[in-house]
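Structure, as structure tokens:
The values are calculated or read from the model by the stated rules, or taken from the named source; none is laboratory data. Model, not experiment: these values are computed from the prediction. Because the Cβ atoms are built from the backbone with ideal geometry, glycine has one as well, and the counts that use them run over all protein chains shown. What goes into the accessible areas is simple: the full protein's heavy atoms, side chains included, and nothing from ligands, DNA or RNA. Shrake-Rupley method; radii C 1.70, N 1.55, O 1.52, S 1.80 Å.
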Amino acid sequence: MDRRVLPLLLLTFLAPRAAIALQPALRTLSSLHLSTSPTSQPAVVKSYSVFYFRQKVDHFGFNNVKTFKQRYLISDKYWKENGGSILFYTGNEGDITWFCNNTGFMWDVAEELSAMLVFAEHRYYGESLPFGANSFKDSRHLNFLTSEQALADFAELIKHLKRTIPGAENQPVIAIGGSYGGMLAAWFRMKYPHMVVGALAASAPIWQFEDLVPCNVFMKIVTTDFRKSGPNCSESIRKSWDAINRLSNTGGGLQWLTKALHLCNPLTSQDIQNLKDWISETWVNLAMVDYPYASNFLQPLPAWPIQVVCQYLKNPNESDSLLVQNIFLALNVYYNYSGQAKCLNISKTATSNLGSLGWSYQACTEMVMPFCTNGVDDMFEPHMWNLKEFSDDCLKQWGVRPRPSWITTMYGGKNISSHANIVFSNGELDPWSGGGVTKDITDTLVAVTISEGAHHLDLRANNALDPMSVLLARSLEVKHMKKWIREFQDSVKKQQ
């Protein structure tokens, strides 16, 4: 699949470039993921131990006896064998050490909850490769890369931990995840309620499928973020696409664009769509990491980076050349805030810690998330969702065709009221909130909204610049977790 097929969470969601099923120019969104510690604070060295657990490659068949080693990390500094709990991070599309080091919330609440922290790596990411170096070389090997298999891995791992760690057998487990990991946390509680007493699903777009939400909701939120961050900002971006098109069609226009945007490689006429996709993905990534303090998630960025970007995009009525030069200054905030980049590379927008290959395959099978734009309600060029085109791209790259209805069949879509003990948190600045649960479904399926929150801001470490909305969200999340722990302990006492 070409780079126009954006990735999630991303998914992630992703988003990196693994392909969350965006249309040309859109399918490059970013995967759903977690954030790193703010650069304004000293890095906190997380102390954990690394382990490996032998998992079946196929949990649902009986012919394949092959196994692989799943990596997981444990920190038990504050854990108590009596009266403690286990916080279990449901790893998403990337190296688990990256998520471990960048999920500060779990480390911040470990002492208060007397918790053992467990970070489980998702199969086919990081070091947990079922077929080693050949895991991505044959589509037949990728047949076992599904959310269902990953959830089964988590269930088997929890059984192993309770069986082998003294004192863990009768302790409550809470699933926690962000972005795709948040989806997995919610789905794990739904499918394995006997394994975890509850789940915190942060920025988890479990409804970004089929027609559960409009396909344009994601990019409308991105546009709103830019519109609110500076006068005429979104309108300047909306007008930039035609400016780029016109300039590219003039004599010497490609050479001028290459120089004006400080690109590493000369543009050809075939590169213009890739260029616009790359710029679009940059605006998307900025929306996801629009944090209230300097951070270093996808790139080193200042506090409220969209506000900084919009300082350069105040006049949408500039000439084409001036508008593009202003676009460069805005892009430079994302790609060169540290001042060390000599040129901009349109083939790269995010961190290498995310597994774009694995996510691309998942987006081509069960994680089919429709995205579209119309250029009216959003600041992007119009692109309709075209399942056939997307399916043909998937067949060409991976030899598979997507099943767009499978996720809703498997996990229930919006029919989830029979479940319990899940907190869904979403930031209003986060584009993925459009596919998330933002209203309470029942007394135990609760939505927490963070008005000044971008992508899973609540899972980041505490920061002196945190807005009150995220402080309240974290307080409420801990309140629910304590309730789940207490109910579990009461049930154990009754059984004794």
Name the residue from 374, 136, 405 whose Cα lies farthest towards the positive end of the charge dipole of the chain, charges +1 on Cβ of Lys and Arg and -1 on Cβ of Asp and Glu. 136
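Where does the chain land on Rg(C-alpha)/(2.2 N^0.38 Å)?
Taking the Cα Rg and dividing by 2.2 N^0.38 Å, one obtains 0.95.
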What part of the accessible area of the chain, given as a whole %, is carbon or sulfur when the probe is 1.4 angstrom? 49
If you find the alpha carbon centre of region 197-257 and of region 95-136, how far apart are they in angstrom? 30
Tell me the trypsin sites (Lys or Arg not before Pro) within region 347-437 that lie in a loop according to DSSP and have at most 16 other beta-carbon atoms within 10 Å. 348, 414
Tell me, for the chain, which Cys residues have no other cysteine's C-beta sitting closer than 4.7 Å. 100
19 Å Cα-Cα threshold exceeded, pairs from 314/348; 56/396; 159/191; 239/314; 439/482; 259/342: 314/348; 56/396; 439/482
Positive dipole terminus of the chain, leading residue within 110, 420, 309 (C-beta point charges): 110
With +1 on the Cβ of every Lys and Arg and -1 on the Cβ of every Asp and Glu, and nothing else charged, how large is the dipole of region 353-496 about its Cα centre, in debye rounded to the nearest 20? 800
Regarding region 84-181, what is the average projected area of its C-alpha convex hull, in nm²? 6.6
Inverting the mean 1/r over all pairs of different Cα atoms, compute the Kirkwood radius of region 343-496 and quote it in Å. 19.2
With +1 on each Lys and Arg Cβ and -1 on each Asp and Glu Cβ, and nothing else charged, work out how big the dipole of region 50-197 is about its Cα centre, in Debye to the nearest 20. 500
Roughly how many debye, to the nearest 20, is the charge dipole of the chain about its Cα centre, given +1 on each Lys and Arg Cβ, -1 on each Asp and Glu Cβ, and no other charges? 860
Counting heavy atoms of the protein chains only and a 1.4 Å probe, report the per residue accessible area for the chain as a whole number of Å². 39
